[in-house]
1. Regarding the stretch 13-31, can at least one residue be identified that is part of a helix (DSSP H, G or I), modelled with pLDDT under 90 and under 22 Å from Ala68 (Cβ atoms)?
2. Of everything in the stretch 44-60, what is in contact (Cβ under 8 Å) with a residue 40 or more places away in the chain and among the hydrophobic types (A, V, I, L, M, F, W, C)? Give them in sequence order.
3. Which condition does Thr57 not pass, out of (1) part of a helix (DSSP H, G or I); (2) loosely packed, with under 15 Cβ neighbours inside 10 Å, if it passes all the others?
4. Looking at the stretch 17-68 only, could you name the residues that are in contact with a helix residue (DSSP H, G or I) (Cβ under 6 Å, 6 or more places away or on another chain) and among the basic types (Lys, Arg)?
5. Show the residue pairs meeting these rules: Cβ distance below 9 Å; 6+ apart or different chains; first residue within the stretch 61-81 and surrounded by 12 or more Cβ atoms within 10 Å (Cβ to Cβ); second residue part of a helix (DSSP H, G or I) and among the aromatic types (Phe, Trp, Tyr).
6. Would you mention how many residues in the stretch 1-38 are buried (at least 17 other Cβ atoms within 10 Å of the Cβ) and β-branched (Val, Ile, Thr)?
Amino acid sequence: MLDITVVVVAAMLCIALVLNLWRLIIGPHVVDRVLALDTMYINSIALILIYGIYNKTPLYFEAALLIAMLGFVSSVAFGKYLLRGDIIE
């Protein structure tokens, strides 16, 4: 039963990633594109965690943690760039 649930959740996350990619490409404003990219980070982390649960190995949890840290840093950098125009002062 857990295997079926993991496959269904993975399919839903893949659909969410495709919809985020659509927003990233079509987004009318830069803020919409940054938000879509941030949501893609979150969905990819969830997909990696689901894959780790499916394979019953803790290695993927560490990879998801690294991607989460990179996603946070990139979101902060995008926000600072949009507010001030430069990243490093």
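The values are calculated or read from the model by the stated rules, or taken from the named source; none is laboratory data. These numbers were taken from a predicted model, which means no experiment stands behind them. No Cβ is skipped: glycine too gets one built from the backbone with ideal geometry, and neighbour counts run over all protein chains shown.
1. So far as the stretch 13-31 goes, yes, one or more of its residues are part of a helix (DSSP H, G or I), modelled with pLDDT under 90 and under 22 Å from Ala68 (Cβ atoms).
2. Across the stretch 44-60, the qualifying residues are Ile50, Ile53.
3. (1)
4. Scanning the stretch 17-68 gives Arg23, Arg33.
5. Every condition considered, the pairs that remain are Ile67/Tyr41; Ala68/Tyr41; Gly71/Tyr41; Phe72/Tyr41; Ser74/Tyr41; Ser75/Tyr41.
6. Here the count works out to 1.
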